[in-house]
Ligand SMILES: O=C(O)CCC(=O)C(=O)O
């Protein structure tokens, strides 16, 4: 089994940052071996695109690649997910987020999960295999936005977000004005994010190499998940005795 992370990362300081900001980035956490195997797997997914519209290789990535599937139950990944969410967790999805040169990025959005019950967490764990620099397929966030638990945050541009959803809102805990924070991530970075955080991705520059990335999502059971791209056959093939693959 590949060693996924070079160090153990999630300590009290990281927990505080994740809970206050909605995200935390661990630079260079992936081992070189993991990065090499992830790059091969993600390039394989990229080569399959667009594929079957009903079963898209980038949405159901673990169903198309054994290495990506093997990471769902990787002890270091499960330990990280449980350190954040507690013992009772469910796997939600594994989605390839490769961004070739010229990719448009993604407009501002948040995701849905158990809006009425803040005890139910939904964690996104991004692997930025070859990283990204500012202004080139970089992730951007609004620290504190996750605390609003708003599944409907949408904006096409930074200005639209600032003049729309962010207008007249403050950080729910600190009371500070909300700010857009563009992130940089050196190769091998892992980012944790609560799913209700407002986030978007800037376009990848035309001449840049493909940004290899994938997200693994885990959540506390108890509510329906709409992001759960998982076929029944795959769910059964991966089922253990711990309920990790079930919906509830
Ligand atoms: O591509 C990324 O870095 C983030 C993708 C994203 O917005 C998402 O997974 O919700």
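Give me the number: length gained by fully extending residue 20 to residue 134, i.e. 0.36 nm times residue separation minus the C-alpha to C-alpha distance, one decimal in nm.
The span from residue 20 to residue 134 would gain 38.8 nm if fully extended.
Stretch residue 2-residue 170 to full length: gain in nm at 0.36 nm per residue minus the Cα-Cα span?
Stretched fully, the residue 2-residue 170 segment lengthens by 56.2 nm.
Kindly list the residues of the range 211-229 that lie in the label zone of residue 88, defined by a backbone N under 12 Å from the point 7 Å along the Cα-to-C-beta vector.
Zone members listed by number: 220-223.
Test of understanding: in a Gaussian network model of the chain with alpha carbons linked when under 10 Å, which of 100, 186, 50 would top the mean-square fluctuation ranking?
Answer for the Gaussian network model of the chain: 50.
Taking 0.36 nm per residue of separation and subtracting the Cα-Cα distance, what length does fully extending residue 115 through residue 228 add?
This chain segment gains 39.0 nm when fully extended.
Between residue 151 and residue 247, what's the calculated FRET efficiency when r is the beta-carbon distance and R0 is 22 Å? Round to 0.05.
E(calc), rounded to 0.05, equals 0.75.
Values in this text are rule-based calculations from the coordinates and carry no lab data. These numbers were taken from a predicted model, which means no experiment stands behind them. Backbone-built Cβ (ideal geometry, glycine too); neighbour counts: all protein chains shown.
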